[in-house]
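A quick write-up on the structure given underneath.
No lab work stands behind these numbers, since they all come straight from the coordinates. Computed from a predicted structure; not experimentally measured. Reconstructed Cβ throughout: ideal geometry from the backbone, glycine too, with neighbour counts over all protein chains shown.
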Amino acid sequence: MFNGSAISVTMLEGGIAEMNFDLQGESVNKFDSKTVAELTEALDLLDNADDVKGLMITSAKPVFIVGADITEFTPMFGGNSDGDNDVAKHLGKNNDNFNLLETLDFPTCVAINGYAMGGGLELCLACDFRIMSSVAKVGLPETKLGIIPGWGGTVRLPRIAGADTAIDWICSGKEVRADAALKAGVVDGVVTPEDLRDAALTVLQNAIDGKMDYEERRDQKDEPLKLNETESMMVFETSKAFVRGLSGPHYPAPVKAIEVMQHAARKYRDDALDLEQEAFAELAETPVAESLVGLFLSDQLIGKKAKIWEKKADKKVERAAVLGAGIMGGGIAYQSATKGTPIKMKDINQEGLDLGISEANKLLTKAVKRKKMTVEKMGENLARIDPTLSYDNFDDVDVVVEAVVENPKVKHAVLAELEDKVTQDTIIASNTSTISITYLAEALKRPENFCGMHFFNPVHRMPLVEVIRGEKSSDTAIARTVAYANAMGKKAIVVNDCPGFLVNRVLFPYFAGFMDLLRDGADFQQVDKVMEKFGWPMGPAYLMDVVGMDTGHHGQAVMADGFPDRMKGTYKTAGDAMYEAGRLGQKNGLGFYKYEVDKRGKPKKVVDNGAYEILAPITADRKEFTPEEIIARMMVPMATELARCLEEGIVESAAEADMALVYGVGFPPFRGGIFRWIDQMGAEQFVAMSDQVKELGPLYNATETQRKMAADGAKYYA
C-alpha cells in the first residue's frame with residue numbers, strides 16, 4: 001500500500017495491514033520531519049481504504065521508536081522561535097496523525113519490540129491495544145529535558161492507566177520495564193520477543209472478530225478523567241506538593257505536567273490536547289529547557305565521540321588490573337567487575353587489599369538490599385575481582401589502572417616497576433588527579449602505551465572519566481582506555497595534558513574565588529547558601545570538606561606551580577589554616593563544618609564555632625556581600641579558566657567542557673554548563689561581570705577571545 005524511506009504499509013492475510021517503521025540511514029526510529037510526513041500519508045491511505053479490517057504497527061529495528069528528533073525542536077527552545085505558532089506547527093502535525101490513528105474505522109494493535117520512549121510511547125497510547133516484548137522498555141522522559149510530553153502523553157496515559165501512574169511516569173521520566181508496564185495497565189500483554197508478532201496478530205484478530213471491544217477503549221481516552229472533584233484535588237494537589245519538593249525551584253516541568261493533567265481532567269481529548277500544547281510551548285521558551293536539551297545533545301556528542309574512539313581500539317579489554325587498592329582501587333574494581341570486565345586488584349600489603357575488597361563488598365551488598373542485584377549476581381561480581389599482593393599473571397591483562405598515592409616520586413617508581421611486569425602492548429593508565437601525564441611518562445620505556453584515566457570519587461556514582469593524552473601517548477593507548485571506560489559505563493572525555501587536566505584545573509580557581517571571599521570578610525555559610533541557591537549541589541565550603549583539605553592543599557600546590565601568574569598564593573588562605581589545624585573535612589569529622597553520623601549512618605554537617613576561631617586571625621572583619629557579588633567572585637575565575645582550556649586546546653569543544661563539569665563536579669544541569677550559562681546572559685554581560693572584579697587579580701580577567709566575542713555578539717553554541 002505504501003513504501004517510504006521511514007514507513008511502509010503492507011497488506012497481510014485476512015485484511016490486516018502492517019505499518020512498519022524502519023527509518024533508512026539511521027540506527028534507530030525517531031519522529032523526524034520525514035517520518036511525520038510519511039505517517040500522515042500512510043494514515044490517509046489507510047483511512048480511505050475499503051479492504052482494511054485491522055492495523056498492526058511494528059518496527060524493523062531493535063528499538064521501536066526512541067521519540068522525537070530533538071534536533072528539529074532545538075530552534076524553538078529558550079525564546080529562539082516565534083513562540084506558540086512554531087511549536088503549534090511542529091506538534092500539530094503529529095497530534096493530527098495520532099488522533100487519526102485513534103479514530104480509524106478498524107482496530108489497531110502495536111507490537112513494542114524495544115525502546116518506546118517519548119513520542120514512541122505516545123504513538124502506542126494512541127493505538128487500541130499494546131503488546132510488549134519482555135525485553136522492551138517504555139517511558140515519557142520529556143521532563144528531563146525541561147518540557148512535557150507534547151503528542152498526547154499527558155492526556156492519554158492518565159485515561160488509560162490512571163492519574164497516579166501518569167504522574168509517576170511523566171514526572172520521573174523513568175524507563176519502565178515490561179512487567180511494570182503490564183502491572184500498571186499501560187500495556188495489555190507481555191510476551192517473549194519471538195512470540196511478539198504472533199501475539200499482536202492474535203489480539204488484533206480477536207478485536208476484528210468482536211471478542212475484544214476497542215470502541216469502549218477509544219471512548220475512555222476521549223472522555224474526561226473518571227475522578228470526582230474531591231478525588232481529583234487529593235490526587236493532583238498532593239502530587240504537586242510532593243513533586244515540587246523533589247524537583248526544586250529550578251525544574252518547573254514536572255509540576256507543570258501535573259497542572260496540565262489536573263486542568264485537563266474534566267475536558268474531552270481535543271481540548272485537553274490544546275492545554276498540553278500550550279504548556280509545552282510555555283516551557284520551551286524557558287532557559288531551563290534550552291539548557292537541558294543542550295545537555296542532552298552534548299551528551300549524545302560525547303557518547304558518539306567515545307564510540308568513535310572505541311572503534312579505533314586495537315583490541316577489546318577482556319582483563320584489567322588496578323594497582324593500589326583502598327577506597328579508590330576498590331571502587332574501580334567494583335565498577336569494572338559489575339560491568340563484566342574481570343580485574344586484578346594489587347596492593348603492597350594485605351590491609352590495603354582488605355580495604356579494597358571491603359569497599360567493593362559494601363557497594364554490592366547495598367545493591368542487593370535495594371533489590372538491584374540478586375545474591376547470586378553479587379557472588380559473580382565478587383568473583384571477577386582477584387585481590388593479589390604479587391604481579392603474577394599481569395602479563396595477561398589489557399589495561400592496568402595505576403591508583404597509588406598522589407605522589408610523583410612514588411608513582412614514578414611504581415610505574416617503572418609495573419612496566420616490566422606487563423606485555424609490550426599492555427596499556428598503562430594513571431588515575432592521577434593533578435600530576436602531569438607527560439612528566440609521569442618519563443619513568444617509562446614505552447610512553448606511547450601510557451595515558452591518564454582520571455576517575456572521580458565515589459567511582460560508582462560519578463559518571464565522568466577524563467582520559468588524558470600526554471605528549472607521547474599514542475592513539476592506541478587513548479582508544480583502548482576510552483573503550484575500557486565505555487565498558488565500565490562511564491562518560492569518557494579525552495583531554496590534553498596540563499596541570500590539573502580539565503576539571504581540577506577549572507575547579508581550583510573556583511576554590512580560589514572562595515578563599516578570596518573569606519579573606520575579605522565573607523561568611524562561608526552565606527557563600528554556601530548563595531552557591532547552593534545558584535544550583536550547585538553543595539556550597540564551596542561543604543565541597544572542600546568532602547574533597548578533603550589535604551587533597552585540596554596538594555592540588556593547590558600543583559596548580560600554583562603550573563600557573564604561577566594567576567594561581568600562586570600570596571597569602572595564607574582559609575584552606576591553609578584548616579589544613580594546618582588538622583581539620584581535613586569529612587574524612588576526620590572536622591573542616592569548615594563538624595560532621596556527625598545521622599540515623600542512616602551518613603555524615604551530617606553541623607555548624608562548629610571552632611572553624612570561625614581558626615579563620616579569625618587571617619580574615620577581615622565580617623562583611624555582608626550581595627548574592628550577585630558572591631556569584632561573580634565565585635564563577636568568573638572558573639569560567640575564564642574554562643575558556644582558557646578551550647582556547648588552548650586542552651578540551652576540543654564547548655560541549656565537552658560543559659559536560660565534564662556537569663558530570664565531574666555537579667555544575668547545575670539546569671544552567672546547561674558554564675559556556676551555555678555565558679551564552680544565555682550574553683558574552684557582553686559576562687565580560688562586564690568580569691570587569692567588576694578584575695582588580696582582584698588575573699584569575700578574574702576575561703580572556704581576549706571572550707572580549708572579542710562580547711564585541712561581536714558571538715556565542716559558544718552557535
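By count of other Cβ within 10 Å, fewest leading, how are L145, L292, L301, L415 ordered? Could the numbers behind the result be given before it?
Details: L145 27, L292 24, L301 14, L415 21.
Sorted ascending by nearby Cβ count, the order is L301, L415, L292, L145.
Cα-based values for region 316-497, radius of gyration first and Dmax second, are 15.2, 47 Å. Placing a label point 7 Å from the Cα of T365 along the Cα-to-Cβ direction, the residues of region 571-614 whose backbone N falls under 16 Å from that point are 600-602.
On a 24 Å Cα-Cα criterion, which of the cross-link pairs K344/K421; K490/K605; K30/K183 come out too long? Please list the in-between numbers first.
On the way: K344/K421 13 Å; K490/K605 30 Å; K30/K183 27 Å.
Flagged as over cut-off: K490/K605; K30/K183.
Sparse packing (at most 14 other Cβ atoms within 10 Å of the Cβ) combined with a DSSP loop state is found for the following trypsin sites (Lys or Arg not before Pro) in region 200-277: K211, K226, R266. Report the trypsin sites (Lys or Arg not before Pro) located in region 412-508 that are in a DSSP loop and have at most 12 other Cβ atoms inside 10 Å of their Cβ, or state none. Counting only loop positions with at most 12 other Cβ atoms within 10 Å, the trypsin sites (Lys or Arg not before Pro) in region 412-508 are K445, R461.
List the relative contact order of region 504-712 as a percent without decimals, with contacts defined as Cα pairs under 8 Å and 6+ residues apart.
Details: 265 pairs, mean separation 49.6, N = 209.
About 24 percent, as a whole number.
Stretching the chain fully between V607 and N407 yields a gain of 68.7 nm (0.36 nm per residue, less the alpha carbon separation).
Between 0 and 90 degrees, the angle of helix 654-665 with respect to the longest Cα principal axis of the chain falls at about 70 degrees. Spin-label model, A620/I348: points 7 Å from Cα along the beta carbon direction are separated by 4.7 nm. For region 316-497, averaging the sequence separation of C-alpha pairs within contact (under 8 Å, six or more residues apart) and dividing by the residue count gives a relative contact order of 22 percent. For region 6-47, there are no residues whose amide N sits under 12 Å from a probe point set 7 Å from the Cα of K89 along the beta carbon direction.
222 nm [θ] for the chain, helices only, -39500 (n - 2.57) per DSSP H run of 4+, per residue, to 500? Write out the running numbers ahead of the final one.
Numbers: 31 runs with 368 residues, N = 718.
After summing the helix terms and dividing by residue count, I get -16000 deg cm²/dmol.
In region 2-285, the ratio of gyration radius to Kirkwood radius, Rg to Rh, stands at 0.95 when only Cα atoms are counted.
How far is helix 229-247 tilted, in degrees, relative to the longest principal axis of the Cα atoms in the chain, given as a value from 0 to 90 rounded to the nearest 10? For helix 229-247, the angle is close to 30 degrees. Projected label points at Y439 and D691, each 7 Å from Cα along the beta carbon direction, are separated by 3.8 nanometres.
Modelled spin-label separation between S134 and T388, with each label point placed 7 Å from Cα along the Cα-to-Cβ direction: 3.9 nm. Size descriptors for region 84-141, from the alpha-carbon set: Rg then Dmax equal 12.8, 40 Å.
At a 10 Å Cβ-Cβ cut-off, how would you order E38, E684, fewest neighbours first?
On the way: E38 21, E684 16.
Taking fewest neighbouring Cβ atoms as first place, the list is E684, E38.
Considering only alpha-carbon pairs that sit under 8 angstrom and 6 or more positions apart, the relative contact order computed for region 304-361 is 38 percent.
For K533 and D270, FRET efficiency with R0 = 41 Å and r from the beta-carbon atoms, rounded to 0.05?
Working: r = 41 Å, r/R0 = 1.01.
Rounded to the nearest 0.05, the efficiency is 0.50.
Taking a straight line from the alpha carbon of K34, these lysines sit under 16 Å away, with near neighbours fewer than eight places off in the same chain left out: K89, K93. Computed over the chain, the convex hull of the alpha-carbon atoms projects to a mean area of 33.5 nm².
Here the residues L444, L297, L121, ranked from fewest to most Cβ neighbours within 10 Å of their Cβ, fall in the order L297, L444, L121. Binning all Cα-Cα separations of region 186-276 at 10 Å, short to long from zero, yields these whole-percent fractions: 14, 29, 25, 24, 8, 0.
Where a ≥ b ≥ c are the square roots of the eigenvalues of the C-alpha gyration tensor, would you call region 472-605 rounded, which needs a/c under 1.5, or, failing that, prolate if a/b is larger than b/c, or oblate? Because a/c hits 1.5 or more and a/b fails to exceed b/c, region 472-605 counts as oblate. With a cut-off of 16 Å, note down the residues of region 178-198 whose backbone N falls inside the zone around a label point 7 Å from the Cα of K377 toward its beta carbon. Output list for this probe position: 178-180.
Kirkwood hydrodynamic radius of region 1-135 from all distinct Cα pairs, in Å?
Every distinct Cα pair counted, the radius reaches 15.3 Å.
For an R0 of 41 angstrom, estimate the FRET efficiency from the Cβ-Cβ distance between K316 and L12 and round to the nearest 0.05.
Details: r = 42 Å, r/R0 = 1.02.
Calculated transfer efficiency: 0.45.
Based on the Cβ-Cβ distance from T192 to D520, what FRET efficiency comes out when R0 is 56 Å, to the nearest 0.05?
Numbers: r = 67 Å, r/R0 = 1.20.
Calculated transfer efficiency: 0.25.
Farthest toward the positive end of the dipole of the chain, out of M659, T619, G139, is the Cα of T619, where the dipole comes from beta carbon charges about the Cα centre. Counted residue by residue at 0.36 nm each, then reduced by the alpha carbon distance between them, the extension gain from E471 to D561 reaches 30.5 nm. Helix 408-419 and the longest principal axis of the C-alpha atoms of the chain enclose an angle of approximately 60°. Taking the Cα centre of the chain as reference, the dipole from Cβ charges on Lys and Arg (+1) and Asp and Glu (-1) amounts to some 2340 debye.
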